[in-house]
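Asks: Here you go, one structure.
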Amino acid sequence: MLIPAILIRRGKYSIADPLFVSERRPILVSRKARKGAEAGDIVLVRTWESDRSLRGEVDRVLGPARDPRTVYDALFASIETSREFPERLEEEAERAAGTPAGERADLRRLPTVTIDGEDAKDFDDAISVERTDEGYRVWVHIADVTHYVRPNTALDREARRRGNSVYLPGTVAPMLPAALSADACSLVPHRERAAVTVEMEVSYAGEMKSCRAFRSQIASDARLTYEAVDAMLSGGEKVPQAEMVLVAHELSRVLRRKALERGKLELESKEPEYELDENRVPVEARMRRSTPARELIEELMVLANEAVAKMVRERPGAVYRVHERPSLADLEELGRKLAAIGFIAEPTPENLSAIAAKIGSDAGRYLILRSIPRALYSPHRIGHYGLALEDYVHFTSPIRRYSDVLVHRSLLGEEPPHDPEAVADHISEREWQSMLAERTADEYTLMWLMRDRVGDTMRGTVVGTASFGMFVELETGATGLVHVSKLPGWWELEPSGVVLSNPEIGGRYAVGDEVLVELVDVFPLMQRAELRVVRRL
């Protein structure tokens, strides 16, 4: 078993402390087994049990722990993925990339664009939209990955094993080798590409009137960015195919209103966005929220995913994106937590979105998010609670999600997996592991960027409480701990689980409270920041 660890020299033996894995025991590494690694290096260690202790030898030196890129490689290793592929798979991908497109509907003259983030690494979806007398005609074009990745090939088996691409700051462990993910399958502008197109007629009220799916050949006219489209929508400089983008935006507003009317759970989220230097090392972070351009693409992709889900109902091989309704017990517990922070409500599956909008704070929305199940993949069609849809699949990102590959095969009548239950469970687990790795990378990076700010004061919001202290999300995006030992007197966690109080002095901190804190110390590799409250805000 290979474990990422940081090497610490201690006499005859070195100690390798595991990183980002459930194994927490120190690993004894002899001088001969260090393979040239030095104290402070992050290494991959091959381990075995010996005399009730864990021993190992260095398999590979990843690099110094002070370099974030080394840490990201360790995170990839912790979930058994990598930026690289074995040579034989790279060669197979290059051969597959040369597969002739074959007979297809010719959409190369149809005005088409991609819209992604400035740092996007693959382009698996493009759109074409026009207004009609009765509404809109929409084409969502998705990279035809299954044309190149055939069932049960080595490429297919590796894609299934990885389950999805994993995105860490400035880098990615792709599901498919670059010959496919960054070239043959990527819908880059002014290049003919094989696609699977879903063509839909939508009324002005947002009702689907007709839809069909077919293999196509497209040529994107422009690679647009969210940033440029948002600027145009705010009155700035026009982007290429501006009129089409404005019609797409108009349609997305219709679809968004319709989604809210049917009961879609709207929980505004934010995530860090990094500025990188020439070596792709993060130098700055800012928190990004949803924008009109991102919502434009999201709504059109949801529209296509729902349309395809209806098409594959009776076809073998598809895995659905399912999301169960929250249980009554979880909603009752949520109601008690909200009451403890001063928001009186009786949560039901139908009113959570309205409650989230009224709360108006990230901390309150976190409480709601923690009260609902996470979405999964399943061969059984049981609906998607969060989107308030009976039929839903992931179809629009086959470059980076294996679930979408399976849906394409089902849609196009290709060979289904022989074990749909097992593959759905596997890719659900891989998605969960990847999400945890991405969250860990964000927390590490945000703290690494604060390493020179010890002693500074920052604004923050209490986002969690425990018997040992409270967690404060800082203005930087990182979350640190105010330990109870840094608070005056004796503090206890109230039964609600969201309030830390000191009855003797009348002190009280609840989830959602804003505070000014001092950064006492920070340990990025441990994702730990120690804070002290300066004052309540």
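The values are calculated or read from the model by the stated rules, or taken from the named source; none is laboratory data. Remember, predicted model here, so these are calculated numbers, not experimental data. For neighbour counting, all protein chains shown are included, and Cβ atoms are generated from backbone atoms with ideal geometry for every residue, glycine included.
Asks: For the range 271-284, check the following and say yes or no: at least one residue is closer than 27 Å to Ile115 by Cβ, over 17 Å from the mean Cα position of the chain (by Cα) and hydroxyl-bearing (Ser, Thr, Tyr).
Replies: We begin by selecting, within the range 271-284, every residue closer than 27 Å to Ile115 by Cβ; these are 271-278, 280, 282-284.
Restricting the remaining residues to those that are over 17 Å from the mean Cα position of the chain (by Cα) gives 275-278, 280, 282-284.
Next, only the ones that are hydroxyl-bearing (Ser, Thr, Tyr) stay: none.
No, the range 271-284 has no match at all.
Asks: Identify the single condition in (1) crowded, with 24+ Cβ neighbours inside 10 Å; (2) in contact with an Asp or Glu (Cβ under 9 Å, 6 or more places away or on another chain) that Ala159 does not satisfy, given that it satisfies every other one.
Replies: The failed condition is (2).
Asks: Only one of (1) touching a residue at least 60 places away in the same chain (Cβ under 8 Å); (2) under 24 Å from Ala154 (Cβ atoms) is not met by Asp59, so which one is it?
Replies: Of everything listed in (1) touching a residue at least 60 places away in the same chain (Cβ under 8 Å); (2) under 24 Å from Ala154 (Cβ atoms), Asp59 misses just condition (1).
Asks: For the range 520-534, give me each residue that is among the hydrophobic types (A, V, I, L, M, F, W, C) and touching a residue at least 60 places away in the same chain (Cβ under 8 Å). It would help to see each step written out before you state the result.
Replies: Of the range 520-534, the ones among the hydrophobic types (A, V, I, L, M, F, W, C) are 520, 522-523, 525-526, 529, 531, 533-534.
Within the range 520-534, Val520, Val522, Phe523, Leu525, Ala529, Leu531, Val534 qualify.
Asks: I'd like the residue in the range 299-321 that is touching a residue at least 40 places away in the same chain (Cβ under 8 Å) and charged (D, E, K, R) and, out of all such residues, is surrounded by the most Cβ atoms within 10 Å (Cβ to Cβ).
Replies: Initially, the range 299-321 is screened for residues touching a residue at least 40 places away in the same chain (Cβ under 8 Å), giving 299-313, 315-321.
Remaining after also requiring charged (D, E, K, R): 299, 306, 310, 313, 315, 321.
Values: Glu299: 21, Glu306: 21, Lys310: 15, Arg313: 11, Arg315: 14, Arg321: 25.
Once the filter is applied, the top-ranked residue is Arg321.
Asks: For the range 436-450, indicate whether the set of residues that are surrounded by fewer than 20 Cβ atoms within 10 Å (Cβ to Cβ), on the phi > 0 side of the Ramachandran plot and out of contact with any strand residue (DSSP E or B) (no Cβ under 7 Å at 6 or more places or on another chain) is non-empty.
Replies: no
Asks: Is it the case that Val202 is β-branched (Val, Ile, Thr), in contact with a helix residue (DSSP H, G or I) (Cβ under 8 Å, 6 or more places away or on another chain) and not in a helix (DSSP H, G or I)?
Replies: Details: β-branched (Val, Ile, Thr): yes; in contact with a helix residue (DSSP H, G or I) (Cβ under 8 Å, 6 or more places away or on another chain): yes; not in a helix (DSSP H, G or I): yes.
The answer is yes for Val202.
Asks: Being in contact (Cβ under 8 Å) with a residue 60 or more places away in the chain, surrounded by fewer than 15 Cβ atoms within 10 Å (Cβ to Cβ) and within 30 Å of Glu103 (Cα to Cα) is the filter here, so list the residues in the range 209-239 that pass it.
Replies: Lys209, Phe214
Asks: Looking for something touching a Ser or Thr at 6+ places or on another chain (Cβ under 6 Å) and surrounded by 14 or more Cβ atoms within 10 Å (Cβ to Cβ) - is there at least one such residue anywhere in the range 279-293? Walk me through it before giving the result.
Replies: Step one: filter the range 279-293 for residues touching a Ser or Thr at 6+ places or on another chain (Cβ under 6 Å), giving 282.
After this cut, where a residue has to be surrounded by 14 or more Cβ atoms within 10 Å (Cβ to Cβ) as well, the list is 282.
Within the range 279-293 (the criterion being touching a Ser or Thr at 6+ places or on another chain (Cβ under 6 Å) and surrounded by 14 or more Cβ atoms within 10 Å (Cβ to Cβ)), the answer is yes, since at least one residue qualifies.
Asks: Filter the strands (runs of 3 or more DSSP E) completely within the range 1-56 down to those with at least 1 residues that are under 20 Å from Tyr72 (Cβ atoms) and not assigned by TED's automatic domain parsing to the domain that holds Gln433. Please lay out each step first, then the result.
Replies: Details: elements: 2-10, 13-18, 27-30, 41-50.
Where strands (runs of 3 or more DSSP E) fall fully within the range 1-56 and carry at least 1 residues being under 20 Å from Tyr72 (Cβ atoms) and not assigned by TED's automatic domain parsing to the domain that holds Gln433, they are 2-10, 13-18, 41-50.
Asks: Restricting the first residue to the range 144-155 and requiring it to be in contact (Cβ under 8 Å) with a residue 40 or more places away in the chain, which pairs with a second residue that is assigned to a helix (DSSP H, G or I) and charged (D, E, K, R) meet a Cβ separation below 6 Å and a spacing of at least six or different chains?
Replies: So the pair list comes out as Thr146/Arg409; Val149/Asp156; Ala154/Glu92; Leu155/Glu92.
Asks: Anything in the range 463-504 that is in a strand (DSSP E or B) and over 30 Å from Glu284 (Cα atoms)? List them, or say none.
Replies: In the first step, residues of the range 463-504 are kept if they are in a strand (DSSP E or B); the result is 463-466, 469-474, 479-483, 492-493, 499-502.
If the condition is that a residue be in a strand (DSSP E or B) and over 30 Å from Glu284 (Cα atoms), then Ala466, Glu492, Leu493, Val499, Leu500, Ser501, Asn502 are the ones that fit.
Asks: Can you tell me which residue is farthest from Pro524 (Cα to Cα) among those in the range 28-45 that are modelled with pLDDT under 95 and either surrounded by 14 or more Cβ atoms within 10 Å (Cβ to Cβ) or β-branched (Val, Ile, Thr) (or both)?
Replies: Selected residue: Ala33.
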